[in-house]
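Single-structure report; data block below.
The values are calculated or read from the model by the stated rules, or taken from the named source; none is laboratory data. Please read these numbers as outputs of a predicted model, since none were measured by experiment. Here the Cβ is made from the backbone with ideal geometry for all residues, glycine too, and neighbour counts use every protein chain on show. Remember, those area values only see protein heavy atoms, side chains included, never the ligands or the DNA or RNA. Shrake-Rupley method; radii C 1.70, N 1.55, O 1.52, S 1.80 Å.
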Amino acid sequence: LMHTINLINKKLSLNILTHDPIEISSELASKLDLLTEHILSDQNKHQLAVNLKLISSKEMIKLNRDFRSKELDTNVLSFPVGKDIQRISGELGDIAMSFSYIQSESQSLNRDLEDHMMHLLAHGILHLLGFDHTEDQDANIMETQEIEYLKFFKIANPYLI
């Protein structure tokens with residue numbers, strides 16, 4: 001069964017899709033939407049939306065295998081859409097998050113689950129916007145952006161914790 005979390009009747013910057021038994025609070029959904037709105041606005045992409053799908057480890061392993069040839073679970077993957085699709089759909093792309101992976105990762109890192117999800121969403125959106133962290137210099141730029149966006153929501157620098 002697929003759930004779409006909808007917040008009141010405003011145009012959302014973030015469409016959240018989940019499967020049973022994955023559920024998040026409407027408060028977290030609202031914070032994730034505000035973060036998305038903040039980043040898209042800051043990057044002058046406020047007219048676009050992002051799709052976030054919270055998935056099982058099994059689904060994430062399949063996505064990671066199909067798109068990155070890696071047979072393992074991971075926290076977040078981003079799938080940007082091409083410019084033509086972006087223009088037609090009004091969407092920047094899709095982000096998949098492995099919910100159980102993120103839950104255990106946040107526990108092992110001793111981080112608040114919601115703060116960790118906010119960080120990973122910011123990370124995923126920056127990937128959709130073309131940022132990457134392959135080279136050290138690019139990683140520094142990307143991490144600096146993430147830290148700034150999280151600071152806006154009073155979330156500590158995840159790279160220092």
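Here are a few things to note about the model shown:
- The stretch 87-114 and the stretch 17-70 have Cα centres separated by 6 Å.
- Percent breakdown of C-alpha pair distances by 5 Å bin, ordered from the shortest bin, for the stretch 17-85: 4, 13, 18, 21, 18, 17, 8, 0
- Percentage relative contact order, the chain, counting C-alpha pairs under 8 Å, at least six apart: 19
- Members of Lys31/Lys83; Lys31/Lys53; Lys45/Lys154; Lys58/Lys154 lying beyond 25 Å, as alpha-carbon distances in this model show: Lys31/Lys83; Lys58/Lys154
- Value of relative contact order over the stretch 48-120, rounded to a whole percent, pairs C-alpha under 8 Å and six or more apart: 36
- Around Ile55: net Lys/Arg minus Asp/Glu count, Cβ-Cβ under 14 Å: -2
- Ellipsoid semi-axes in whole angstrom, largest first, where each is sqrt(5λ) of the Cα gyration tensor of the stretch 56-159: 22, 20, 13
- The chain: DSSP helices with Cα axial extent of at least 18 Å and average Kyte-Doolittle hydropathy no lower than -1.0: 26-42, 113-128, 136-152
- With the Kirkwood sum run over all distinct C-alpha pairs, the stretch 1-134 has a hydrodynamic radius of 15.1 Å.
- The listed residues Asp136, Asp84 rank as Asp136, Asp84 when sorted by accessible area, largest first, using a 1.4 Å probe.
- Of all beta bridges that DSSP places with both ends in the chain, some 45 percent have antiparallel geometry.
- Heavy-atom accessible area order for Leu72, Leu120, largest first, 1.4 Å probe: Leu72, Leu120
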